[in-house]
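**Q** My questions will all concern the structure given below.
The values are calculated or read from the model by the stated rules, or taken from the named source; none is laboratory data. In this text, all values refer to a predicted model and were calculated from it rather than measured experimentally. For the accessible areas, the whole protein counts, side chains as well, though only heavy atoms, and no ligand, DNA or RNA atoms are used. Shrake-Rupley method; radii C 1.70, N 1.55, O 1.52, S 1.80 Å.
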Amino acid sequence: LNLKNFWTGEWLSFWTLKDNILEGKVLLNTYYFEEGNVQFKLKKTFNENLNSKDLNELSDEVINTIKKLEDGIQNELDQIYDSLSD
């Protein structure tokens with residue numbers, strides 16, 4: 001939330017793990033309202049098979065997989081924002 005600079009947004013992530021399958025959903029909503037109204041909404045789902053059998057390894061794999069997938073979204077957004085002026 002940054003109302004003095006005319007923008008707001010939220011990033012929501014939902015993840016479940018069942019039988020070594022990590023399912024996730026990321027919802028993104030941004031709103032920019034200086035000299036007009038611009039909204040950007042994104043919904044992305046994931047379904048990843050994990051390989052770890054040991055509980056400690058599995059927890060590390062879950063964390064690393066979520067980080068990798070969410071970092072990928074952020075990198076895609078950076079590329080989109082860099083090309084908006086074009």
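**Q** What number comes out for accessible area per residue over the chain if the probe is 1.4 Å? Units Å², please.
**A** 77
**Q** Compute, for ASP19, the solvent-accessible surface of its heavy atoms (probe 1.4 Å) with the complete set of protein chains present, and express it in square angstrom to the nearest 10.
**A** Accessible area of ASP19: about 130 Å².
**Q** Specify the angular offset, from 0 to 90 degrees and rounded to the nearest 10, of the alpha carbon long axis of helix 55-83 from the longest principal axis of the alpha carbons in the chain.
**A** 20
**Q** Here is a follow-up. If the cut-off is a Cα-Cα distance under 22 Å, which lysines reach LYS25, setting aside same-chain residues fewer than 8 apart in sequence?
**A** LYS41, LYS43, LYS44, LYS67, LYS68
**Q** So what is the relative contact order of the chain, in percent, for Cα pairs below 8 Å that sit 6 or more residues apart?
**A** Value for the chain: 20 percent.
**Q** Per the Debye formula with a single identical scatterer at each Cα and no solvent contribution, what log10 I(q)/I(0) holds for the chain at q = 0.18, 0.21 Å⁻¹?
**A** -0.84, -1.01
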